[in-house]
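J.: Dropping a structure here in structure tokens format, bear with me for questions.
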Amino acid sequence: MKGRRAGAERGNLVRTFRLEVEYEGTRYAGWQRQPNARTVQGELLKAAEALFGTRAEVGGSGRTDAGVHALAQVAHLRAGGASAVSAREVEVGLNRSLPHDINVLAVAPAPANFHARHDAVARYYLYQISTRRTAFAKPFVWWVRDRLNVEMMNDAARLFAGRHDFRSFSEPAADGGSTLVHVAASEVYASGGLILFRFGASHFLWKMVRRMVGALVEVGRGNLSAGDVRALLEGDSREPAAWTAPPSGLFLERVLYQGERPPEGRGPAFPVGR
């Protein structure tokens, strides 16, 4: 298909597609389109409009911050000029235009009203800490030089499970929205040369995952106890802001929709040998 010409030939019917996208966030100012910065959403939108030869809409399941990666971000794509285009043609066409660090894994036709963010029921994030200096994985880990107690971190991580007010672990929302979040999964475990943190929740607040990780690292260092983490959850403290983990180790692992199962297994996003 040849961009504008193909779009004109295939009519103006607006169709909706569900995209599954992986990306390395190192070079991007996050997911959300911004007027003077390079973003993942902006690159996908440019590729879609080049493919269909008309204006398009691309929306993601959630925003990832600058430097944060995704193993399987979900997005919806709506565009005209798509009446006879197959999902496979959309996948190939988008990937032909996208930069090397953004890749569309799968495309499927979706109902006209499918909305990647509003229809999602859960998001899962994976965070990677390297236990050693690495020549290859620096963009995908946080190297913590201190020896961390994984068992203590996992015990404290369990406190995050359930419905809590995470105001101490997030930036205040501009609209003053609720800071209550239901966390379905919260665990810490070792894998090769990595310590992995997995969190699953209905949604996440701005910087929430990175501050949870930062607090748990303080537990692993022996600077905080599980009781201290509980007190932070029950209070309103700015202290966790000082422990915010860097974005390099954070991956949006999976987005769930009605009827879909949480991720299984304990593999890393990017392995590091012992």
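The values are calculated or read from the model by the stated rules, or taken from the named source; none is laboratory data. Since we're looking at a predicted model, the values are computed, not measured. A quick note on method: Cβ atoms are made from the backbone with ideal geometry, for glycine too, and the neighbour counts reach across all protein chains shown. Accessible surface areas use protein heavy atoms only, side chains included; no ligands, DNA or RNA. Shrake-Rupley method; radii C 1.70, N 1.55, O 1.52, S 1.80 Å.
J.: For Ser191, enumerate residues with amide H under 5 Å from its amide H, sequence gap 5+ or separate chain, H modeled in the peptide plane.
T.: Result for Ser191 returns Leu196.
J.: For the chain, what is the mean residue ellipticity at 222 nm derived from helices alone (per DSSP H run of n ≥ 4: -39500 (n - 2.57); sum divided by total residues; nearest 500 deg cm²/dmol)? Write out the running numbers ahead of the final one.
T.: Working: 6 runs with 62 residues, N = 274.
Rounded to the nearest 500, the figure is -6500 deg cm²/dmol.
J.: Please go through the range 140-171 and write out the chymotrypsin sites (Phe, Trp or Tyr not before Pro) that DSSP classes as loop and that have at most 10 other C-beta atoms within 10 Å.
T.: Loop-located and lightly packed - none at all.
J.: Once the chain is represented by equal point scatterers at the alpha-carbon sites, with solvent omitted, what log10 I(q)/I(0) does the Debye formula produce at q = 0.12, 0.16 Å⁻¹?
T.: Taking Cα atoms of the chain as identical point scatterers yields -0.75, -1.18.
J.: Ignoring ligands, DNA and RNA, please state the percent of accessible area on the range 136-204 from carbon and sulfur, probe 1.4 Å.
T.: Percent of accessible area from carbon and sulfur atoms in the range 136-204: 53.
J.: What does the accessible area per residue of the chain come to in Å², with a 1.4 Å probe and no ligands, DNA or RNA counted? Show your work: numbers first, answer last.
T.: Values: 13100 Å² over 274 residues.
Result: 48 Å² of accessible area for each residue.
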